[in-house]
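Chemist: Structure below; questions to follow.
The values are calculated or read from the model by the stated rules, or taken from the named source; none is laboratory data. Since this is a predicted model, take the numbers as computed values, not measurements. Every residue, glycine as well, gets a Cβ built from its backbone with ideal geometry; the counts of neighbours run over all protein chains shown. With ligands, DNA and RNA removed, areas are computed over all heavy atoms of the protein, side chains included. Shrake-Rupley method; radii C 1.70, N 1.55, O 1.52, S 1.80 Å.
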Amino acid sequence: MTATQSERVTAAVMIIGDEILSGRTQDTNLSAIAKYLATYGVDLCEARVVPDVEQEIIDAVNALRTKYDYVITTGGIGPTHDDITADSIAKAFGVTAPEHPEIMAMLRERWGEPNAARRRMAHVPEGGSLVKNPVQGPPGFQKENVFVLAGVPAIMRGMLEDVGPRLRTGAVVLSKTVRVTGTGEGVIAAPLEAVAKAHPDMSLGSYPFFSPPDVYGANLVLRGRDAAELEVAVNELMAALEEAEANNIELVASPA
């Protein structure tokens, strides 16, 4: 269904893996998920990175799934000893994680009778449904409002395509960007704060830029669900910036 303007649909991301926390692997999934959810009007409100430790995963998913409409996890559903996400999610819900017959059939078709390590990839919590994997390997799964996806970015993005249609959608957030060049944030801060206070339901942010040797300024991004209010806020901000004698004020295309 399509939500009304006043409805807000929320989500959290839980990134699972010692390799992320150690710095060995750089996460790119968070950005991809945030952009994907935005197209469905779902606000990503929180992200956590947790180690490959069962109790840490259990505690984090239980905290997040009760606070937000959806939780998306990445990582920990492969065949190695530290791939414990499926069993940990099952324990968070108080159920077991038996081998899913559809996944077992996929594994047998590819490798014959799978060994113990590969059978680990077939674990799905009782009552869970599969999330399609159009890239390679076994699928992810959904257990109530928790979606469990692979950590490999290309595979994770493929799985997201099966997540989107299952989401309760919200009103898509609109954005406009006002760029100020040749003026520092010390001048910009007061006008921006005044407009932010006048429009508490909107999000306003300042993102400075600098290009050597002497080009500097900030992109002021205004985000909201009400197109009319967004237009009013942009006009108010540009007028306030002119009054503060900011230089080179222009409305530019917001990034996708």
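Yes/no per residue for (1) open to solvent by less than 40 Å² (accessible area, probe 1.4 Å); (2) over 30 Å from Y36 (Cβ atoms); (3) in contact with a helix residue (DSSP H, G or I) (Cβ under 7 Å, 6 or more places away or on another chain); (4) at pLDDT 95 or above:
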residue	(1), (2), (3), (4)
V195	yes, no, yes, yes
H199	yes, no, yes, yes
S211	no, yes, no, no
D214	no, yes, no, no
E231	no, no, no, yes
E236	no, yes, yes, yes
E245	no, yes, no, no
V252	yes, no, no, no
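Chemist: Kindly provide the set of residues from region 90-127 that are open to solvent by less than 50 Å² (accessible area, probe 1.4 Å) and within 25 Å of V71 (Cα to Cα), ordered by number. Lay out the reasoning, then the answer.
Modeler: Initial filter on region 90-127 (open to solvent by less than 50 Å² (accessible area, probe 1.4 Å)): 90, 92-93, 95, 97, 100, 103-104, 107, 112, 114, 117, 121-125.
The answer is A90, A92, F93, V95, A97, H100, I103, M121, A122, H123, V124, P125.
Chemist: Are any residues in region 13-51 more than 8 Å from the chain's Cα centre (by Cα), surrounded by fewer than 18 Cβ atoms within 10 Å (Cβ to Cβ) and assigned to a helix (DSSP H, G or I), and if so, which ones?
Modeler: Passing the criteria: D18, E19, L21, A38.
Chemist: I've got another one for you. If you take the residues of region 205-249 that are touching a residue at least 24 places away in the same chain (Cβ under 8 Å) and of a type in the set (S, T, N, Q), which of them is farthest from T177 (Cα to Cα)?
Modeler: The qualifying residue farthest from T177 (Cα to Cα) is N247.
Chemist: Quick check: is even one residue across region 156-164 under 17 Å from M106 (Cα atoms), without any contact (Cβ under 8 Å) to a residue 60 or more places away in the chain and surrounded by fewer than 17 Cβ atoms within 10 Å (Cβ to Cβ)?
Modeler: Within region 156-164, the first condition is being under 17 Å from M106 (Cα atoms), and the residues that meet it are 159.
If we keep only those that are without any contact (Cβ under 8 Å) to a residue 60 or more places away in the chain too, we end up with 159.
Next, from what is left, pick out any that are surrounded by fewer than 17 Cβ atoms within 10 Å (Cβ to Cβ): none.
No, every residue in region 156-164 fails to be under 17 Å from M106 (Cα atoms), without any contact (Cβ under 8 Å) to a residue 60 or more places away in the chain and surrounded by fewer than 17 Cβ atoms within 10 Å (Cβ to Cβ).
Chemist: Any residue in region 181-204 that's more than 15 Å from V221 (Cα to Cα): show its pairings with residues that are surrounded by 14 or more Cβ atoms within 10 Å (Cβ to Cβ) and of a type in the set (S, T, Y) at Cβ separation under 9 Å, as long as the two are six or more apart or on different chains.
Modeler: Short answer, once both residue conditions are applied: G182/Y216; T183/Y216; G184/Y216.
Chemist: Can you tell which of M121, M106 is assigned to a helix (DSSP H, G or I), touching a residue at least 40 places away in the same chain (Cβ under 8 Å) and aliphatic (A, V, I, L, M)?
Modeler: Details: M106 fails: touching a residue at least 40 places away in the same chain (Cβ under 8 Å).
Just a single option satisfies the conditions, and that option is M121.
Chemist: Of the conditions (1) part of a loop (DSSP other than H, G, I, E, B); (2) touching a Lys or Arg at 6+ places or on another chain (Cβ under 7 Å), L222 satisfies every one except a single condition; which number is it?
Modeler: (1)
Chemist: Okay, next question. Go through region 128-144 and give me each residue that's in contact with a strand residue (DSSP E or B) (Cβ under 6 Å, 6 or more places away or on another chain) and either open to solvent by 30 Å² or more (accessible area, probe 1.4 Å) or among the small types (G, A, S) (or both).
Modeler: Initial filter on region 128-144 (in contact with a strand residue (DSSP E or B) (Cβ under 6 Å, 6 or more places away or on another chain)): 128-131, 139-142.
Listed by number, the residues that qualify are G128, S129, L130, G140, Q142.
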